[in-house]
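Taking it in order: structure first as structure tokens, then the write-up.
Quick note: the coordinates plus some simple rules give every number you see, no bench work behind them. Computed from a predicted model, the values in this text were never measured in an experiment. Positions of Cβ are backbone-derived with ideal geometry, glycine not excepted, and every protein chain shown enters the neighbour counts.
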Amino acid sequence: MGEKLRGRGMAASWYGIARTATTDRAGAWAELDDGGTAKIVTGVTEIGEGILTVLAQVAAEELGVRPEDVTLGDNDTARSPEAAHAGATRQTYMISNAVALACRDARAKFDPFMADYWDVAVEEIEARNGEVWARDHHNLRMPMEEAVALCKNNGVVPVGAGSFTSEHTGLDPVDGSGRPWQAYVFGTQVCEVEVDTATGEVQLLGVWAAHDIGRVVNPRGVEGQIEGGVVQAVGQALMEDYIQVDGKTTTPGFAKYILPTSLDVPQVTSVLVEDHDPNNPLGVKGIGEPAMVPTSPAIMNAIYDAIGVRITSLPATPEKVLAALRAKRNKDQVAANVAAAE
Amino acid sequence: MADLNISMTVNGRAVEKSAAAGSRLLDFIRNDLNLTGTKEGCGAGECGTCSVFVDGVLVKSCMVPVAKADGAEIETVEGLAPRRQMTPVQRAFHKTGASQCGYCIPGMVMAASATLRENPQADLEEIKQGLGGNICRCTGYQKIFEAVELARDVINGKVPETALDEDEVGESFIGANVRRLDAPSKVTGALRYAGDMVVPTMLHLQVLRSPHAHALIKSIDTSDAEAMAGVEAVVTAADIPGEDGYGVFVHDQPTLATDKVRYVGEAIAAVAAETEALARDAVKAIKIEYEELPAVFDPHEAMSGGPILHDYAQDNVTYHVPIRKGDVEKGFAEADVIVEQDYDTQPIEHAYLEPEAGLAYEEADGTITIHSPSQNITHHRHAASRILGMPVNKIRMIMSPVGGGFGGKEDMHYQCFLALAALKSGRPVRYVFTREESIIASAKRHGFKIRYKMGLKKNGRITATEMYMVSDGGAYGCSTEGVMRKSAILAAGPYDIPNVKVDTIGVYTNNTPAGAMRAFGALQSEFSTESHLDICAEKLGLDPFEIRRINMMQDGAITHTRQKLGSVSIGQVLDEAEKVSGWESGAPTVRGPVRKDLGGDGNREPCTLVPRHTTTASPEEEVA
């Protein structure tokens, strides 16, 4: 009869943000639009990570409107500027900075007009939450809707464009030296497991995840990325395995290719560390990929802590854990016999 | 087969329609009623994206023949709330950020609704069980659990309805929990993914794929298929007008195989026809003569004289990245302990819930427009321009909502032959992968074999790290070059190590191609480093946090690629993780049985095999 043994393990990690070893770039357009709204156009869209909401938050902050006032036109190579691809943990880093720069460009048309209109210095113009005002002049204030109409009636459309660049260099082909990214993030996770020594089944019960992601735009969105990354790593660490025999897969569907379900997933406690990046206007970094890097080694370290077997070959399926336990028992027995003989 | 006359109530409205005999309830809902909130993720009852209520019971509509639902009352995600409104469950999903890509979400909302209808007091364990038949690949489920618990408490009046409102925003929108703007469209099923798109006169595409891992194509005869009524275009490599070849780094993959196939599942020919069934039949009518070639499935064998896949790579090496810093031999000579260990990691499938899909059509000005959940429309536009022999501004790539990508939708596996079928037929053409097709045809995470050697001083300082990693890139290059690069750069970890020697080698084999997947090679190499450090910590009697602190990079560190860093936050994240987990320090010497920090806050209950979910009503009461 087996036991259920618990253990803990930890692992650290690092990751580079945006495209590797090649200059990365992204473009965006912005317009302060009628009715106190704003239009943002950029060539990449949501793959589920929440980038559209992030861009709306950034645009709202930069333009002085609300996120729900922002219309995002995106994802069409014939209708929007290039923003390159949706991957490499580059969306928040690259696209939100391009959007911020485009918004600032639009403000560079709008703010001087308002300063002129109110006869104040351009630095005194502020806008937030659908209102625009001149700092320290409490009688100079109006809704954004009215201000944009005034601006347009005087012949100025407050539009802007932005391009953000992240400077990376290629690697030397001989020694690999180079500057592959300008922003790096770091993470550490602790995992707690329970191992059933009768079945070999490993359950991941808790994960405590601390990640540096630069300036946080949407904390809940970041947590979602960490939780999702951890659970994909649970699949990699404990169950998923794309098996091929002579080039033909024996795992062609979800009956054979096992994925984590609601009953397999740990509770995740996230700690968001904000080490702002000095090389971009917003100070942001990213989290999509790095979230899942420390999880699988932390799980293997926790399994070792619980039962004293080191799984070096992923995934740690029940069969593999049982085989390792049997090997360990045999080894321990041989050692005991040797000790007794001596 | 004759059509069936189906009459049922769907979302409160009477429906009378004929349906093809043998069609599934899912097909009827999606294709005949155009209610595309109900998704198809696997077609085998395994993922839950197609969940609907039939006479109040939650079922997977891909498993129900439409004939069996004749006369039934059907409720889909579109029918949960009146138009332009949301139920508390849907609002709670919006509030907590429970939707990411959104493809599983209609099914998840249905399962959550079923759970709370069955037991409005359902506890967390019962909620988890209620959602147990629905897979989500993005969220990690935690925000979904939170949403269902919140909805339960609102429904029961335990918390006020205002708990579903958006959080107050403080000083700045940046740093605020602004609710996802796309969530309402996802929780109500309103958002249309590529496979949900329908345009007038649209044809359906099906693909002939290789049954062989390595074979010459001696001939392709499409004449029978082309002669079939309702077949509007058959496309093969012969139809490619430009210079063929795609791939994220090296353009070695043909849009459709020409003289040779290199993996099981490789696309050879495509048929566009009036219906999906007809296109499938036409695919079967295409005759191909193969001559099988010896194949290689192990990267080490492939590197040492195995059959050659591509003429330009006689050693089957796709890409090799070396990192050299200092002198590892000197470092090992200085070490007090040397620890060697092999590691390996398996290939895995992205398993995005949305299988690949696309819709292509020619516009009036001759532009070819391709909608697909592509993660890289910029790159795909360039590649398609070259392959289709058209100017770049006549290729219009539109990124449809992506139902999960994780790197797997960076490859342009189908967009070009879809475009060719639209150009050849002069009609819009749609292609939706089955789950099985998605699994065999799309790239996987690279499996790695890693040989690790580390030298350390007794005080825990690493003097040298040597890693030799061979990776199975499968039949085509895809993202292998980039994966090798990122893997190598990050391999030795965020540690200050004077002597580093790292090699990553991506190799061609006749396995399914490997490509981009979230954490892109770094997952594999850092897995070995972080496992290895624990082995070393045990040998040296050091706490795992301690050995990392002893070696970690500091502000201004020089990396393994000799880049000078600015601020380095590894110390902070180590401190935070140690603190929040309440870590009990000590060397990793199998302390599990004696450690005191187990079982605290932040753990879930272990899952047991005993059913925990019992209804409150006893059988007698139900009879009564």
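Take the alpha-carbon centre of segment A:192-212, take the same for segment B:156-233, and report the distance between them in whole Å.
Going from one Cα centre to the other spans 33 Å.
Using a 10 Å cut-off around each Cβ of peptide B:589-596, what is the average number of partner chain Cβ atoms that fall inside?
On the way: counts 3, 8, 5, 16, 8, 0, 5, 0.
Across B:589-596, the average partner-chain Cβ count within 10 Å equals 6.
In debye to the nearest 20, how big a dipole does chain B give about its Cα centre with +1 on each Lys and Arg Cβ and -1 on each Asp and Glu Cβ? Let's see the in-between values first.
Working: 63 positive and 85 negative charges, 215 e Å.
Dipole of chain B, to the nearest 20 debye: 1040 debye.
In segment B:98-172, which trypsin sites (Lys or Arg not before Pro) fall in coil by DSSP and have 12 or fewer other Cβ atoms within 10 Å?
Counting only loop positions with at most 12 other Cβ atoms within 10 Å, the trypsin sites (Lys or Arg not before Pro) in segment B:98-172 are B:Lys158.
Dipole of the protein assembly as shown (Lys/Arg Cβ +1, Asp/Glu Cβ -1, origin at the Cα centre): which of A:Ile226, A:Pro318, B:Tyr343 lies farthest to the positive side?
Toward the positive end, the furthest listed residue is B:Tyr343.
Roughly how many Å is it from the Cα centre of segment B:270-313 to that of segment B:74-139, as a whole number?
Distance between centres, Cα-based: 41 Å.
What does the charge count around B:Thr367 come to, taking other residues whose C-beta lies under 9 Å from its C-beta (Lys +1, Arg +1, Asp -1, Glu -1)?
On the way: positive: B:Lys394, B:Arg396; negative: B:Glu362, B:Glu363, B:Asp365.
For residues surrounding B:Thr367, the net value is -1.
Please list, in order, the residues from segment A:87-130 whose amide nitrogen is less than 19 Å from a point placed 7 Å along the Cα→Cβ vector of A:Glu146.
Zone members listed by number: A:110-120, A:125-130.
Mind checking which of A:Val156, A:Ala106, A:Gln91 is farthest towards the positive end of segment A:24-166's charge dipole, using Cβ charges of +1 (Lys, Arg) and -1 (Asp, Glu) about the Cα centre?
After comparing all options, I get A:Gln91.
Post the alpha-carbon centroid distance, segment A:1-41 to segment B:440-499, in whole angstrom.
Their Cα centres are 22 Å away from one another.
Run down the aspartates and glutamates and flag those whose C-alpha is under 12 Å from the C-alpha of B:Lys128, throwing out any fewer than 8 positions away in its chain.
Answer for B:Lys128, where 12 Å is the Cα cut-off: A:Asp264, B:Glu146, B:Glu149, B:Glu605, listed by chain and number.
If each of A:His137 and A:Lys331 carries a label point 7 Å out from its Cα toward its Cβ, how far apart are those two points in nm?
7.8 nm
What does the C-alpha gyration tensor say about the overall shape of the protein assembly as shown? Classify as rounded when a/c is under 1.5, otherwise prolate if a/b is larger than b/c, or oblate. Mind dumping the intermediate values first?
Details: a/c = 1.23, a/b = 1.12, b/c = 1.10.
Verdict is rounded for the protein assembly as shown.
Work out from phi, with θ = phi - 60° and the Karplus expression 6.51 cos²θ - 1.76 cosθ + 1.60, the ³J(HN,Hα) of each residue of segment B:403-416, listed in order in whole Hz, and give x for Gly and Pro.
With the stated coefficients, segment B:403-416 comes to x, x, x, 6, x, x, 10, 8, 8, 8, 6, 9, 4, 6 Hz.
What are the aspartates and glutamates whose alpha-carbon lies under 17 Å from the alpha-carbon of A:Lys152, with same-chain residues fewer than 8 places away excluded?
A:Glu31, A:Asp33, A:Asp34, A:Asp105, A:Asp111, A:Asp116, A:Glu131
Whose amide H sits under 5 Å from the amide H of A:Ser13, counting only residues 5 or more places off or on another chain, with H placed in the peptide plane?
HN-HN under 5 Å from A:Ser13: A:Gly187.
Rounded to whole Hz and in sequence order, give me ³J(HN,Hα) for segment B:181-196 from the Karplus expression 6.51 cos²θ - 1.76 cosθ + 1.60, θ = phi - 60°, writing x for Gly and Pro.
Listing the rounded values in order: 5, 8, 4, x, 5, 8, 6, 9, x, 6, 6, 9, 8, 4, x, 9 Hz.
Collect residues whose amide H, placed 1.01 Å from N in the peptide plane, falls under 5 Å from the amide H of A:Thr71; neighbours closer than 5 in sequence don't count.
A:Ala38, A:Lys39, A:Ile40
Using the number of other C-beta atoms within 10 angstrom as an exposure proxy, rank B:Tyr452, A:Tyr117 with the fewest first.
Fewest-to-most Cβ neighbours within 10 Å comes out as A:Tyr117, B:Tyr452.
How large is the charge dipole for segment B:4-79, taken about the Cα centre, if only the Cβ atoms of Lys, Arg (+1) and Asp, Glu (-1) carry charge, to the nearest 20 debye?
Values: 7 positive and 10 negative charges, 24 e Å.
Rounded to the nearest 20 debye, it is 120 debye.
Note down the net charge around B:Glu356, summing +1 for each Lys or Arg and -1 for each Asp or Glu among other residues with Cβ under 9 Å from its Cβ. Don't jump to the answer; show the numbers that get you there.
Working: positive: B:Lys409; negative: B:Glu354, B:Glu437.
Once positives and negatives cancel, what remains is -1.
Just want the answer: with Cβ charges of +1 for Lys and Arg and -1 for Asp and Glu, which residue in B:Pro391, B:Pro299, A:Asn279 is farthest toward the dipole's positive end in the protein assembly as shown?
Sorting the options by dipole projection puts first B:Pro299.
Take each of the peptides A:181-191, A:25-35, average the number of other beta-carbon atoms within 10 Å over its residues, and list them starting from the highest. Please list the in-between numbers first.
Details: A:181-191: 28.8, A:25-35: 22.7.
Highest-to-lowest ranking by the protection proxy: A:181-191, A:25-35.
Can you return the lysines within cross-link range of B:Lys186? Criterion is Cα-Cα under 18 Å, with same-chain partners fewer than 8 residues away left out.
Straight-distance partners of B:Lys186: B:Lys39, B:Lys95, B:Lys143.
What 222 nm value per residue comes from the helices of chain A, counting each DSSP H run with n ≥ 4 as -39,500 (n - 2.57) and dividing by all residues, nearest 500 deg cm²/dmol?
Numbers: 6 runs with 99 residues, N = 342.
It lands at -9500 deg cm²/dmol.
Within 10 Å of each Cβ in peptide B:485-494, how many partner chain Cβ atoms are there on average? Round it to a whole number, please.
5
How about segment B:294-368: which chymotrypsin sites (Phe, Trp or Tyr not before Pro) there are in a DSSP loop, with at most 13 other Cβ atoms within 10 Å of their Cβ?
Here the chymotrypsin sites (Phe, Trp or Tyr not before Pro) that fit, given the DSSP loop and packing criteria, are B:Tyr312.
Which FRET efficiency, nearest 0.05, do B:Ala67 and B:Glu363 yield, Cβ-Cβ r, R0 30 Å?
Values: r = 41 Å, r/R0 = 1.36.
It comes to 0.15.
Measuring from a point 7 Å past the Cα of B:Arg280 along Cα-to-C-beta, which residues in segment B:178-219 have an amide N at less than 13 Å?
Under 13 Å, as judged by backbone N against the label point of B:Arg280, lie B:205-207 of segment B:178-219.
Residue-wise, which Karplus ³J(HN,Hα) couplings in Hz belong to segment A:62-75, taking 6.51 cos²θ - 1.76 cosθ + 1.60, θ = phi - 60°, and x for glycine or proline?
After applying 6.51 cos²θ - 1.76 cosθ + 1.60, I find 6, 8, x, 10, 10, x, 6, 7, 8, 9, 9, x, 8, 6 Hz.
Which FRET efficiency value, to the nearest 0.05, is calculated for B:Asn31 and B:Asp165 with the Förster distance at 45 angstrom and r the Cβ-Cβ distance?
On the way: r = 38 Å, r/R0 = 0.84.
After rounding, the FRET efficiency stands at 0.75.
Might you report the magnitude of the Cβ-based charge dipole of the protein assembly as shown about its Cα centre, with Lys and Arg at +1 and Asp and Glu at -1, to the nearest 20 debye?
Working: 91 positive and 132 negative charges, 224 e Å.
Dipole magnitude for the protein assembly as shown comes out near 1080 debye.
Averaged over its residues, how many other protein chain Cβ atoms are within 10 Å of peptide A:13-25's Cβ atoms?
Details: counts 12, 16, 8, 7, 0, 0, 1, 9, 6, 2, 0, 0, 0.
So the per-residue partner count for this stretch is 5.
For n ≥ 4 DSSP H runs only, could you compute -39500 (n - 2.57) per run for chain B, divide by its residues and tell me the 222 nm figure to the nearest 500?
Dividing the helical sum by the residues of chain B leaves -7500 deg cm²/dmol.
Counting only residues 5 or more places away or on other chains, whose amide H sits under 5 Å from the amide H of A:Arg128 once H atoms are built in the peptide plane?
Excluding prolines and chain starts, which carry no amide H, there are no hits.
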